Amino acid sequence: AGSPAPTTSAAASASAAASGPPARSSVAPSPSARPAGTPSASPTAPARYPGLTPCRGVPDCYVYVVKTGDTLTRIATRYGLTLAEVLARNPAISDPSHIVRGLKVRLPTPKR
């Protein structure tokens, strides 16, 4: 019905201790391939600019999507820009103190 319980004996324990740890393989593990469908970093979207997406067809331009609690000043500071640089790319923003979540803000290439 059930499987037999493993038996332990002093001889088996001594034998295991005498043989030492299991032998290590001299073959190094090969790096695993990236799963299909996993996006790779785009050459136009440097990984050092997290949270930004390159503007399509516009050099020196990135898009940041505003999140709850963001201010234009904080966004500018995060990427090493001035508020004036951010506003120059976004003439439709008439009141920089009032931005809403989901707004797409264009930025020049970050300085940090």
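Exactly one of these conditions fails for A84: (1) in a helix (DSSP H, G or I); (2) modelled with pLDDT under 95. Give me its number.
A84 satisfies all of (1) in a helix (DSSP H, G or I); (2) modelled with pLDDT under 95 except (2).
Within region 58-82, which residues are among the aromatic types (F, W, Y) and within 12 Å of R112 (Cα to Cα)?
Within region 58-82, just Y79 meets the criteria.
Kindly provide the set of residues from region 87-112 that are touching a helix residue (DSSP H, G or I) at 6+ places or on another chain (Cβ under 7 Å) and part of a loop (DSSP other than H, G, I, E, B), ordered by number.
I93, P96, I99, P108
Quick one: in region 85-112, which of the residues that are loosely packed, with under 15 Cβ neighbours inside 10 Å and in contact with a strand residue (DSSP E or B) (Cβ under 7 Å, 6 or more places away or on another chain) is farthest from P54 (Cα to Cα)?
Per the criteria, the residue is G102.
Mind counting the residues in region 60-81 that are in a helix (DSSP H, G or I) and either under 16 Å from Y49 (Cα atoms) or touching a Cys at 6+ places or on another chain (Cβ under 9 Å) (or both)? Break it down into steps so the answer makes sense when it comes.
If we filter region 60-81 for residues that are in a helix (DSSP H, G or I), which is where we start, we get 72-78.
In the following step, the residues that additionally are either under 16 Å from Y49 (Cα atoms) or touching a Cys at 6+ places or on another chain (Cβ under 9 Å) (or both) were identified as 74-78.
Qualifying residue count for the region: 5.
What are the residues in region 62-84 that are closer than 12 Å to L107 by Cβ and open to solvent by less than 50 Å² (accessible area, probe 1.4 Å), if any?
Scanning region 62-84 gives Y62, V63, Y64, V66, L72, I75, A76, Y79, G80, L81.
The values are calculated or read from the model by the stated rules, or taken from the named source; none is laboratory data. Quick caveat, the model's predicted, so the values are computed rather than measured. Reconstructed Cβ throughout: ideal geometry from the backbone, glycine too, with neighbour counts over all protein chains shown. SASA here: full protein model, heavy atoms, side chains in, ligands and nucleic acids out. Shrake-Rupley method; radii C 1.70, N 1.55, O 1.52, S 1.80 Å.
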